[in-house]
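Some notes on the structure that comes next.
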Amino acid sequence: MENVLFSIVIPVWNVEKYIEECLESVLNQTITNVEVICVDDCSEDNSLAILHRYAGEDERVKVIELKENMSTLIARKRGVEAAKGNYIMFVDADDRIDYNCCETLKELLREHPVDILHFGTNVVNVNNLPKQRITTLQEFMEPYGGYLYDEEVFLTCFRDGKYRFSLCNKVCSAELCKKAFLKVKEDKSCKGEDKYTYFILSYYAKSYYGVKEYRPYYYNYGNGGYGQRYISLEYFERYCTMGKVAQAMKEFLVAENRLEQYKDTYEKSKRELLMDCVNQWRNHLASEDKAVGFEIMHRY
């Protein structure tokens with residue numbers, strides 16, 4: 001295979017309904033020097049068989065099988081470790097990208113050679129969710145328009161909130177990505193992975209460029225547990241693992257000897273994680289589950 005320009009990392013867990021559409025979108029790019037690294041996190045459905053079928057038909061598909069269910073965080077980390085491309089991007093297994101996405105990103109990176117390129121997202125309402133929820137998520141995914149350098153990359157996101165930390169709408173240099181993921185703590189955290197990972201990515205990044213007018217990513221909102229009116233206690237406990245994410249972010253700053261310098265920024269991020277859990281408890285747990293849910297949240 002020719003030299004790889006883009007490594008596309010796809011964490012996979014029980015997505016047999018969606019994974020083929022996702023793979024078709026990444027494999028039918030208008031440029032071919034793309035590798036697709038699928039990391040199966042012990043799927044219990046037909047997902048792994050589908051991955052192996054695609055790998056048998058296209059040498060650009062690489063399948064990594066985790067031996068136990070770990071989390072999206074660890075799946076992405078294993079994908080980054082295996083990546084051979086100059087740039088790394090993440091696609092969720094139930095989403096898709098435009099067929100010319102990589103070619104357009106190639107041209108944008110040639111014009112704007114940065115560590116992190118942030119592009120736009122189309123939020124697709126797949127479960128008839130209220131319009132306001134779609135609008136809120138669309139606003140969350142919006143890039144900061146223009147360049148940021150050095151400390152600005154980190155602070156403009158985590159202190160100022162002028163853009164957000166989602167990973168699926170960014171492409172990063174492989175050098176930055178591999179450096180950051182070396183620092184990612186190996187934990188089975190189930191929620192808050194994007195915030196934790198981008199906390200480290202943006203800390204190390206030297207340059208960022210956001211382009212608002214280009215939207216090649218289609219985020220299917222409402223698949224699986226996302227966007228549901230009520231969630232189970234088991235699913236809520238996954239939200240509460242954000243407590244472990246907050247601790248990992250703090251430990252990272254301590255290791256970098258930067259906790260005092262960025263203490264306010266860290267505390268703001270921690271409060272946001274807590275409020276996300278509180279909002280899920282208040283709005284998406286059934287009344288009969290709220291007492292147990294509060295105990296779970298308190299424990300984490």
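Holding the Cα-Cα limit at 32 Å, pick out from 170/270; 84/268; 131/270 the pairs that are longer than that.
Checking Cα-Cα distances, 84/268 exceed 32 Å.
At most 10 other Cβ atoms within 10 Å and a DSSP loop assignment: could you name the trypsin sites (Lys or Arg not before Pro) in the stretch 162-237 that fit?
229
Can you work out the Karplus-derived ³J(HN,Hα) for every residue in the stretch 139-147? Use 6.51 cos²θ - 1.76 cosθ + 1.60 with θ = phi - 60°, whole Hz, and x for glycine or proline.
5, 4, 7, 5, x, 7, x, x, 8
Can you give the relative contact order of the stretch 144-218 as a percent, counting alpha carbon pairs under 8 Å and 6+ residues apart?
Here the relative contact order equals 57 percent.
Which of 215, 96, 133 moves most in a GNM of the chain, Cα contacts under 10 Å?
133
Of 135, 241, 32, which is the most mobile in a GNM of the chain whose springs link Cα atoms less than 10 angstrom apart?
It is 135.
Filter the GluC sites (Glu not before Pro) in the stretch 35-96 to those in DSSP coil with at most 16 other Cβ atoms within 10 Å of their Cβ, and list the result.
Filter output for the stretch 35-96: 44, 59, 68.
Rounded if a/c is under 1.5, else prolate if a/b beats b/c, else oblate: with a ≥ b ≥ c from the C-alpha gyration tensor eigenvalues square-rooted, which is the stretch 214-300?
It is oblate, given that a/c is not under 1.5 and a/b is not larger than b/c.
Show the residues, 5+ positions off or on another chain, whose built amide H is closer than 5 Å to the amide H of residue 64.
Placed amide hydrogens put 38, 39, 40 under 5 Å from residue 64.
What's log10 of I(q)/I(0) for the stretch 76-225 at q = 0.11, 0.14, 0.15, 0.17 Å⁻¹, Debye sum over Cα points only, no solvent?
One equal scatterer on each Cα of the stretch 76-225 leads to -0.41, -0.67, -0.78, -1.02.
Using Cα springs under 10 Å in a Gaussian network model of the chain, which residue among 231, 116, 200 shows the largest mean-square fluctuation?
Comparing 231, 116, 200 in the GNM, the peak value goes to 231.
Residue by residue through the stretch 148-163, which ³J(HN,Hα) values in whole Hz follow from phi under the Karplus form 6.51 cos²θ - 1.76 cosθ + 1.60 (θ = phi - 60°), with glycine and proline marked x?
Each residue of the stretch 148-163 in turn: 9, 9, 6, 4, 4, 4, 6, 6, 5, 7, 8, 9, 8, x, 7, 8 Hz.
A 24 angstrom limit on the alpha carbon distance is what I want to check against. Which of 162/250; 162/212; 67/250 exceed it?
Check vs 24 Å cut-off fails for 67/250.
Read the figures in this text as sums done on the coordinates, not as results from a lab. Values in this document were obtained by computation on a predicted structure and should not be read as measured data. Don't worry about glycine lacking a Cβ; one is built from the backbone with ideal geometry, like all the others, and counts go over all protein chains shown.
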